[in-house]
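Student: After the structure tokens below, expect a handful of questions from me.
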Amino acid sequence: MANDLAEVMVPIGYVGAAIAGACAIVAAVAVIRSSGGLVGGAVGVWIVGALMSFTASFAQQWLPLILACASLVGMLVIGGVVRAIMSAAGAGRTNEAAADALPRAVSPTTPAVVSKPSLATKSAATASIPVVS
């Protein structure tokens with residue numbers, strides 16, 4: 001009976017370790033790109049792969065679980081180190097949207113056009129709503 005279970009559980013464990021390894025690589029790339037949502041999603045799917053790799057332990061095969069855990073730890077460390085190197089080198093992403101939202105200085109040679117913001121108008125559709133009790 002134990003051999004029959006081992007024939008099923010060990011391949012499931014190795015497939016889980018492969019899924020966990022792929023998700024660890026995605027998490028490392030997401031850390032490098034400083035994409036927090038993608039890191040969370042990759043680690044969430046990594047948890048599923050790690051649980052699948054845990055099934056091989058019922059047949060006394062611990063290698064898939066060790067590989068799954070080591071892959072996430074290794075990739076997160078590598079991603080953090082590469083991100084730190086990129087930030088120190090100044091190769092990080094520029095936040096162009098934030099720079100566009102800031103007000104720009106007007107040069108003294110061009111005339112400044114100042115307009116007042118338009119006030120909101122009430123429409124006829126904003127009548128009272130009856131309350132039924």
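The values are calculated or read from the model by the stated rules, or taken from the named source; none is laboratory data. Keep in mind the model is a prediction, meaning the values are calculated, not measured. Don't worry about glycine lacking a Cβ; one is built from the backbone with ideal geometry, like all the others, and counts go over all protein chains shown. Accessible surface areas use protein heavy atoms only, side chains included; no ligands, DNA or RNA. Shrake-Rupley method; radii C 1.70, N 1.55, O 1.52, S 1.80 Å.
Student: Scan segment 58-74 residue by residue and report those that are out of contact with any Phe, Trp or Tyr (no Cβ under 9 Å at 6 or more places or on another chain) and modelled with pLDDT of 95 or more.
Tutor: Answer for segment 58-74, where residues must be out of contact with any Phe, Trp or Tyr (no Cβ under 9 Å at 6 or more places or on another chain) and modelled with pLDDT of 95 or more: 66, 69, 70, 73, 74.
Student: Just a yes or no: is a residue in segment 75-86 open to solvent by less than 30 Å² (accessible area, probe 1.4 Å) and either touching a Phe, Trp or Tyr at 6+ places or on another chain (Cβ under 9 Å) or in a helix (DSSP H, G or I) (or both)?
Tutor: The answer is yes, given that some residue of segment 75-86 is open to solvent by less than 30 Å² (accessible area, probe 1.4 Å) and either touching a Phe, Trp or Tyr at 6+ places or on another chain (Cβ under 9 Å) or in a helix (DSSP H, G or I) (or both).
Student: If I filter segment 33-51 down to residues being open to solvent by less than 60 Å² (accessible area, probe 1.4 Å) and not small (Gly, Ala, Ser), which single residue comes out as farthest from the chain's Cα centre (by Cα)?
Tutor: Among them, the one singled out is 46.
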